[in-house]
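Laboratory data are not the source of any read-out in this text; all were calculated from the coordinates shown. All figures in this text were calculated on a predicted structure; none of them were measured in a lab. With ideal geometry, Cβ positions are generated from the backbone for all residues, glycine too; neighbour counts draw on all protein chains shown.
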2 protein chains.
Amino acid sequence: MAKRPNPGLQAIADRVGVSKMTVSRVLRGGGGFSAETEAKVREAADALGYVPNRLAAAFGRSGTSTLVGVCVPRLNSALFGSVLESLNATLARLGYDTMIGAHDHLPSEEEAWIRALAAWKPAAVVLTSREHSARTLSTLRDMSVPVLEMWDLRTAPIDLSVGFSHYDNGWEMARTIANAGRQRIGYIGGLAERQTMGAVRLNGFRKGLDEAGLSVFAEERLTDRPGFYSGYYATEMLLARAPKLDAIYYQDDEMAIGGQAYLTARGIRVPDDIGIAGWGGMEAASILPRRLTTTMVPTTRLGKVAAEALVSRLRDAPVQDVTVVQTRLVPGSTI
Amino acid sequence: MAKRPNPGLQAIADRVGVSKMTVSRVLRGGGGFSAETEAKVREAADALGYVPNRLAAAFGRSGTSTLVGVCVPRLNSALFGSVLESLNATLARLGYDTMIGAHDHLPSEEEAWIRALAAWKPAAVVLTSREHSARTLSTLRDMSVPVLEMWDLRTAPIDLSVGFSHYDNGWEMARTIANAGRQRIGYIGGLAERQTMGAVRLNGFRKGLDEAGLSVFAEERLTDRPGFYSGYYATEMLLARAPKLDAIYYQDDEMAIGGQAYLTARGIRVPDDIGIAGWGGMEAASILPRRLTTTMVPTTRLGKVAAEALVSRLRDAPVQDVTVVQTRLVPGSTI
DNA sequence: GTGAAAGCGCTAACAA
DNA sequence: TTGTTAGCGCTTTCAC
């Protein structure tokens with residue numbers, strides 16, 4: 001078959017005997033052509049192995065781009081991985097392509113990424129960070145495309161927001177732990193020097209304890225990343241300083257699982273001697289001897305809802321500016 | 001400040017009093033301009049807040065694109081997440097942008113993704129699948145850009161290959177388990193109906209056992225995905241059928257950790273009553289009571305090496321077609 | 001229902 | 001060292 005490597009609209013037009021404008025209309029499915037023409041064009045496109053050139057389309061007149069930029073803290077995170085998986089799958093199903101970035105909880109990284117992204121004139125942007133730099137905001141303004149802030153809920157989003165309140169998550173867990181009669185309560189978290197949502201949950205947690213007449217008795221905030229092993233040794237360090245703790249709230253389930261492993265190794269019983277609670281509802285917790293007290297985060301739904309909201313906005317369909325995706329505190333039996 | 005939202009080369013050229021061609025040359029840093037001109041152009045670009053239009057650049061003449069397409073099995077995988085994190089970070093540092101896709105071990109998904117990608121005329125493509133469909137291969141040919149196959153090592157890659165031999169990983173673990181004197185050896189894996197690398201490791205494993213005069217005594221190959229909990233219940237199911245097993249090789253560490261949890265819950269001692277081995281070298285294993293016998297996969301290095309190899313190829317620098325990234329069998333103490 | 005013409009911002013090729 | 005010209009493939013606008 002003597003086909004050129006990259007047949008364009010013109011190639012199809014020539015074959016069918018119409019103008020490339022007609023071919024363009026058919027292929028985008030707007031209307032304004034006869035059924036007969038459509039059939040012939042589609043057949044020719046198939047036969048020629050036509051691949052649309054999105055570069056040209058997006059370049060010519062912006063607004064026709066199907067490119068969405070998504071920036072998450074890290075690409076190797078259990079929770080964000082799920083969100084991204086679902087977000088990307090949904091966007092792909094709806095005809096959009098995803099360009100990614102990672103900011104590692106550093107506003108400066110997000111800023112650098114978004115400037116690189118802007119060069120591609122994307123149709124929309126999805127962000128997950130706690131704070132944006134002034135320059136990030138100004139670049140976003142200049143881009144003038146839909147922006148979706150995900151993960152933490154914004155009451156006054158740049159444009160759209162899908163998520164839940166991390167503050168409330170922390171508050172709610174504080175009440176649960178306090179109601180269980182725990183008195184000397186510790187906190188363990190990681191990445192203390194970055195702008196993480198864990199810190200927001202801690203604020204809510206403090207507030208919740210405060211309302212119950214309690215406070216965080218001791219805390220271990222590592223500069224290391226949250227993870228299984230950091231949960232393990234942070235528990236060791238915290239208990240060395242504050243042996244009489246009767247509960248620990250962890251930044252996430254991985255840390256809590258690591259903590260559980262330490263406690264088990266030391267013969268400290270959960271929840272008899274000490275209660276533990278995590279956050280995230282991660283799969284790893286499914287194998288603990290007792291069901292972990294934690295907050296389930298519906299990562300898959302979050303990604304899907306975010307993608308759908310964004311696409312609705314792109315198609316000028318009605319959308320809520322702020323969409324809450326409910327988390328659920330699972331009582332478990334470790335508190 | 002009365003600046004247009006999107007100043008182009010012409011805006012800079014006007015401000016400096018040169019032609020936009022000169023501006024283009026300066027900004028791409030090739031050479032062919034005076035130091036004085038360069039300074040003025042850079043200053044003007046800064047002042048105007050110039051954002052290059054990569055769409056236009058890539059569109060005009062392909063070959064100037066900085067877009068790299070990367071397709072992994074899933075975006076929410078501990079191992080691939082790390083690879084992607086490192087790959088993306090390295091590409092970003094070298095000035096490339098990443099468009100992602102997920103194929104979920106389905107050649108048809110990879111095919112659909114690559115056709116969508118082709119529309120963006122990327123500079124290069126990174127693949128991680130075990131098999132490509134005929135149409136995927138033909139699309140790749142038409143794209144005529146560098147292709148890097150990652151994860152599993154290809155002896156005859158389409159273009160470049162970076163990775164290690166999953167087959168050898170399985171073989172090596174078989175020898176280790178056999179040498180430890182284990183006789184009745186089981187295997188547990190997931191996603192049995194998909195084209196995963198786990199199946200390749202199993203083939204190597206069988207071969208290794210065979211060479212030691214052994215074979216897989218019993219196996220549990222789930223249709224479910226590998227994970228902590230599937231490892232837990234697969235172990236239960238397998239031992240119900242074959243109670244006398246004295247070792248189990250798991251598709252990955254998460255399954256092995258789940259298995260360990262089941263064994264602990266049943267009072268079955270590791271490695272006294274039964275030995276276990278995993279694969280991947282995942283962080284979660286760090287909290288097990290004994291160091292897990294497993295194969296460490298250097299995910300971060302893999303991503304970095306892959307990105308660098310690809311960029312070398314893009315810059316017409318010399319590169320090896322096939323680069324081995326060594327895995328390491330960690331004996332541990334669970335076998 | 002269909003076509004012709006203009007132009008998006010950039011870069012390769014060639015000219016000065 | 002710098003400038004001019006042409007054109008990438010598509011979509012919008014306007015005409016028929």
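Observations on the structure shown:
- Placed amide H near residue B:126: partners under 5 Å, 5+ positions off or other chain: B:69, B:70, B:71, B:148
- Chain B: angle of helix B:35-48 to the longest principal axis, Cα-based, in degrees nearest 10: 70 degrees
- Distance between modelled label sites at residue A:266 and residue B:290, nm, 7 Å Cα→Cβ extension: 2.5 nm
- Computed over segment B:9-52, relative contact order equals 36 percent, with contacts defined as Cα pairs under 8 Å that lie 6+ residues apart.
- Cα shape, segment B:1-75, gyration tensor, a/c 1.5 rule: prolate
- Averaged over A:51-61, number of beta-carbon atoms from partner chains that fall within 10 Å: 6
- Amide H contacts of residue A:187 (H built 1.01 Å from N, in plane; Pro and chain starts excluded): A:218, A:219, A:220, A:249 sit under 5 Å, all sequence-distant by 5 or more or on other chains.
- Of the two radii for segment A:120-205, the radius of gyration is 1.12 times the Kirkwood radius, both from the alpha carbons; that is the Rg over Rh value.
- Taking every DSSP bridge with both residues inside the protein assembly as shown, close to 10 percent are antiparallel.
- Tilt relative to chain B, helix B:253-265 - C-alpha long axis, 0 to 90 degrees, to 10: 30 degrees
- Amide proton proximity set for residue A:104, modelled H, under 5 Å, gap of 5+: A:74
- Where Rh is the Kirkwood radius over Cα pairs, Rg/Rh for the protein assembly as shown: 1.01
- Taken over segment B:9-52, the alpha-carbon convex hull comes to 57 cubic angstrom per residue.
- Packing-based order for A:96-102, A:150-156, B:247-253, using average beta carbon neighbours within 10 Å, highest first: B:247-253, A:96-102, A:150-156
- Counting Cβ atoms of other protein chains within 10 Å of each Cβ in B:94-107 and taking the mean gives 3.
- With Cα atoms, 0 to 90° folded angle of helix B:228-241 axis to chain B main axis: 30 degrees
- For chain A, the tally of Lys pairs with Cα-Cα distances below 29 Å comes to 6, considering only residues 8 or more apart or on different chains.
- Expressed per residue, the C-alpha convex hull volume of chain B stands at 160 Å³.
- In order along segment B:185-193, phi translates into HN-Hα couplings of 10, x, 10, 10, x, x, 6, 4, 8 Hz, rounded to whole numbers, per the Karplus curve 6.51 cos²θ - 1.76 cosθ + 1.60 with θ = phi - 60° and x for Gly and Pro.
- Fraction of beta bridges assigned by DSSP in chain B that are antiparallel (%, nearest 5): 10 percent
- Farthest toward positive dipole pole in segment B:64-169 [+1 Lys/Arg, -1 Asp/Glu at C-beta], among B:87, B:163, B:139: B:139
- Per-residue 3J(HN,Hα) values for segment A:77-86, derived from phi via the Karplus relation 6.51 cos²θ - 1.76 cosθ + 1.60 with θ = phi - 60°, read 10, 4, 6, 5, x, 5, 4, 5, 4, 6 Hz in sequence order (x marks Gly and Pro).
- Nm distances between copies for residue A:42, ranked from closest, using label points 7 Å along Cα→Cβ: 5.5
- Dipole orientation for chain A: of the candidates A:263, A:100, A:335, A:100 has the Cα lying most toward the positive pole (charges on Cβ; Lys, Arg +1; Asp, Glu -1).
- Taking θ as phi - 60° and the Karplus parameters 6.51, -1.76 and 1.60, the scalar couplings of segment A:286-294 work out to 5, 9, 5, x, 10, 5, 6, 6, 7 Hz in sequence order, x denoting glycine and proline.
- Normalised radius of gyration (Cα atoms, divided by 2.2 N^0.38 Å) for segment B:58-152: 1.02.
- Euclidean distance of C-alpha centroids, segment B:117-189 and segment B:30-53, integer Å: 44 Å
- 7 Å along Cα→Cβ, label-point gaps from residue B:203 to other copies, nm, shortest first: 5.5
- The mean count of C-beta atoms from other chains within 10 Å of the C-beta of residues in B:112-123, rounded to a whole number, is 4.
- Gain on full stretching of the segment that runs from residue B:47 to residue B:94 - 0.36 nm per residue minus C-alpha separation: 14.4 nm
- The sum of -39500 (n - 2.57) across all DSSP H runs of n ≥ 4, divided by the residue count of the protein assembly as shown, sets its helix-only mean residue ellipticity at 222 nm to -14000 deg cm²/dmol.
- Global form of segment A:236-335, assessed from the alpha-carbon gyration tensor, a/c cut-off 1.5: prolate
- Sorted from closest to farthest, the other copies place their residue B:215 label points 7.0 nm away, with each point set 7 Å from Cα along Cα→Cβ.
- Alpha-carbon Rg/Rh ratio, for segment B:148-260, with Rh computed the Kirkwood way: 1.01
- Dipole magnitude of segment A:166-296 about its Cα centre (Cβ charges: Lys, Arg +1; Asp, Glu -1), debye to nearest 20: 220 debye
- Net charge dipole, segment B:9-52: roughly 140 debye, given to the nearest 20, about the Cα centre with Cβ charges of +1 for Lys and Arg and -1 for Asp and Glu.
- Assuming charge only on the beta carbon of Lys and Arg (+1) and of Asp and Glu (-1), the dipole of segment A:62-168 about its Cα centre is about 240 debye to the nearest 20.
- Based on C-alpha pairs under 8 angstrom that are at least 6 apart in sequence, chain A has a relative contact order of 16 percent.
- What the pair-distance distribution of segment A:229-272 shows, using all Cα-Cα distances binned every 5 Å from zero, is 6, 24, 38, 27, 5 percent.
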